[in-house]
Amino acid sequence: MADFIDGSDAGALSRFDQNLFDLRLGRSRADLFEPLSRIYGHLGSYDAFANRLTDLLRRRFAERPEALKLRDLERDLNPDWFLSQEMIGYVFYIDLFAGTLKGVLDHVDYLKSLGVTYVHFMPCLKPRPGDSDGGYSVMDYREINPALGTMADFAEVTAALRAEGMSVCVDLVLNHTAKEHDWAKKARAGDPHYQAYHRMFDSDLVPLEYEETLLEIFPAHAPGNFTFYPGMGKWVWTTFNEHQWDLNWENPEVFLEIVDIMLHLANQGAEVLRLDAVAFMWKQMGTDCQNLGEVHDLLQALRAATRIAAPAIIHKEEAIVAPEKLVPYLGVGRHRGKEGNLAYHNSLMVQFWSSLAAGDTLLMSHTLAKHFPERFRNASLATYIRCHDDIGWAITDEDAAAVPNIDAFNHRRFLANFYAGTFPGSFARGALFQDNPETGDRRSSGSFASLAGLETALEAGDEKAVDLAVARILMGFALIAGFGGVPLLYMGDELGLLNDEAYLKDPAKAHDNRWMHRPKMDWSLAARAEKGEGVAGRLLAGVRRIMAQRRATRELAATVPTHIVQLGNRAVFAFTRPGDERTLACLFNFTANIQPVDLGPLFEAGLYGTYDFLGDRVPDLRSGILYLAPYEAVWLG
Ligand code: GLC
């Protein structure tokens with residue numbers, strides 16, 4: 001155990017800082033210790049644990065650089081800072097975007113031109129060598145991947161970006177470490193203290209019992225949830241890949257270690273911690289070991305800990321789960337306003353692609369209205385159309401049953417086939433991911449542009465099809481910019497980067513086709529796009545315009561509710577954003593045909609004016625009927 005946690009001298013704090021710390025501790029004490037006492041209260045060591053935790057928080061706060069302490073005060077005054085309409089995220093792998101960490105600073109102007117205020121460095125902590133699951137198999141949480149730079153570079157780059165108005169988000173994997181992590185190595189060497197950091201078993205009896213109700217995450221390349229290590233003579237819980245060992249959160253030492261790491265990263269200037277794979281943190285026999293109540297207790301306590309010692313930061317919880325399981329990550333019931341600040345709006349993403357393939361938005365309107373509150377307390381969703389992961393077709397049987405003529409299983413298969421490009425008439429070019437013949441489950445890979453039809457259109461040299469693909473892509477960007485939450489742009493999507501087969505030549509990546517939609521940034525294409533050339537030029541200009549309009553439109557802040565409205569025309573998805581000064585109505589045509597829309601239901605929902613703030617123009621409106629062009633988006637108000 002690291003010495004600072006046991007140490008009694010709490011570091012030097014000025015009287016002002018001491019008072020500040022005590023005030024913040026007072027504010028969040030119950031948020032921290034109520035859930036912790038539920039989790040660890042039965043342990044004889046609980047009081048000592050609680051004291052060590054408080055000491056740790058004080059010590060890390062004492063070490064916090066002055067500039068970040070000022071940031072803390074700023075965010076204490078404005079805790080909803082990240083809910084502003086000015087928040088726009090950009091997500092990239094450092095090597096693929098800029099070569100190295102410091103190289104990121106060469107592209108600040110590009111980021112600013114998109115209105116970016118939040119940059120997510122995809123996993124950048126030191127990964128295991130070889131296949132590291134895209135960096136999610138971490139062997140040292142305190143070091144930056146040496147191929148990208150050092151922790152000193154990280155602190156320098158976060159400070160420089162902060163000065164440019166950008167907050168840095170980093171991944172912190174909470175469910176597992178690489179088997180090469182020091183804790184795992186000590187466990188393998190037989191140290192019982194560290195064996196208790198992961199979940200391990202002497203025989204396969206208990207693992208087999210768990211397996212009865214567990215699911216498989218990567219059935220094709222990493223089947224099963226446990227791995228036997230003959231040297232150690234133990235079965236280790238490995239939910240994802242063999243090299244990713246699940247942490248044992250029943251052990252309070254793990255909690256202390258992770259809090260320490262979180263504060264370490266916060267003190268280097270990270271402002272958003274993306275907590276990876278949180279749904280899996282707690283295990284209970286007879287369940288699927290996902291989304292259990294203890295997970296929410298742990299996450300609330302982690303949030304309270306950073307609120308005390310580094311209140312400038314927020315937590316983004318990565319849980320790609322069914323809608324009713326997702327909402328609790330943003331705090332419901334006793335966790336309201338106290339858990340994650342951001343979570344991925346996986347449902348919006350899935351429903352976008354589902355509506356696009358079907359040309360019908362009824363399932364989308366139903367699902368989003370049914371499961372999601374119109375706003376959250378000190379929290380919101382991160383909206384996105386594509387990310388680095390596959391698309392899992394998370395459409396439940398119950399939701400599908402609420403819509404006439406949809407069978408959930410067949411619809412999910414239709415979507416997977418449509419986006420693999422094998423369904424007759426599909427415009428998409430993608431691939432199946434983790435096709436599971438046992439359950440019939442299949443997921444999808446592919447870049448935004450290729451899935452939206454750009455690749456096939458360009459290949460066919462079909463100008464009209466290219467126009468339609470561009471319109472689909474821009475509609476997607478307008479959707480995530482308008483919906484509410486923080487829109488995330490995935491690197492290269494603003495230029496329409498297509499699927500990239502380069503990964504097939506890399507043995508550490510070839511087995512995982514998610515790499516097809518993780519391309520290298522094409523800076524020469526970006527330079528041509530900058531001059532307005534080609535499809536990339538149209539897309540880049542379009543995305544910049546959408547993001548600029550978002551930033552200028554107060555009703556799009558995540559503090560304003562998002563109210564889904566069902567229109568008479570199922571081809572069109574709509575919601576209102578009832579702001580203080582006016583109600584905005586956002587509409588999206590999910591088909592390649594002109595769609596007439598009777599605005600009646602929107603007027604009833606508070607819409608007053610009909611100017612299009614997205615296009616900055618008067619829309620095609622005749623006798624109360626709005627005519628939307630193929631894949632057109634408008635923001636009326
Ligand atoms: C998250 C990541 C994914 C990774 C998994 C295991 O879901 O987004 O890429 O494979 O966690 O760490």
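The values are calculated or read from the model by the stated rules, or taken from the named source; none is laboratory data. Predicted, not measured: the structure shown is a model, and the values here were computed from it. The protein model used for the area step is the full one, side chains on, heavy atoms only, and it has no ligands, DNA or RNA in it. Shrake-Rupley method; radii C 1.70, N 1.55, O 1.52, S 1.80 Å.
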Please report the antiparallel percentage of DSSP beta bridges with both residues in region 86-212, rounded to the nearest 5. 25
In cubic angstrom, how much convex hull volume per residue do the alpha carbon atoms of region 505-637 span? 170
As a test of understanding, state the convex hull volume per residue of region 182-246 from its alpha carbons, in Å³. 78
Share of alpha-carbon pairs per 20 Å distance bin for the chain, given as whole %: 19, 54, 25, 2
Kirkwood Rh, Cα Rg: Rg to Rh for region 98-257? 1.07
Classify region 309-404: rounded, prolate or oblate, from the alpha-carbon gyration tensor (a ≥ b ≥ c, eigenvalue square roots; a/c under 1.5 rounded; otherwise prolate if a/b is larger than b/c)? prolate
Relative counts (whole %) of C-alpha pair distances in region 406-476, using bins that are 10 Å wide: 22, 45, 25, 7, 0
Amide H proximity to residue 382 below 5 Å, modelled H, separation 5+ or other chain, gives 343, 344, 345, 486
For region 563-636, which whole-number percentage of the solvent-accessible area (1.4 Å probe, protein heavy atoms only) is attributable to carbon and sulfur atoms? 50
Taking Cα atoms only, Rg over Rh for region 6-81 with Rh from the Kirkwood formula is 1.02
Based on the Cα atoms of region 522-583, what semi-axes does the equivalent ellipsoid have, where each is the square root of 5 times one gyration tensor eigenvalue, given in whole Å with the largest first? 32, 17, 8
Here, region 1-159 modelled as identical Cα point scatterers in vacuum has Debye log10 I(q)/I(0) at q = 0.10, 0.16 Å⁻¹ of -0.56, -1.20
Run lengths n ≥ 4 of DSSP H only: what is the helix-derived mean residue ellipticity at 222 nm for the chain, with -39500 (n - 2.57) per run over all residues, to the nearest 500? -11500 deg cm²/dmol
Heavy-atom surface of the chain, accessible at 1.4 Å and reported per residue (Å²): 36
How big is the shadow of the Cα convex hull of region 563-636, averaged over all directions, in nm²? 4.3
Size descriptor, Kirkwood hydrodynamic radius, that averages inverse alpha-carbon separations across region 166-323, Å: 16.4
Quick one: the Cα spread of region 130-193 along its three principal axes, in angstroms, biggest first? 48, 21, 21
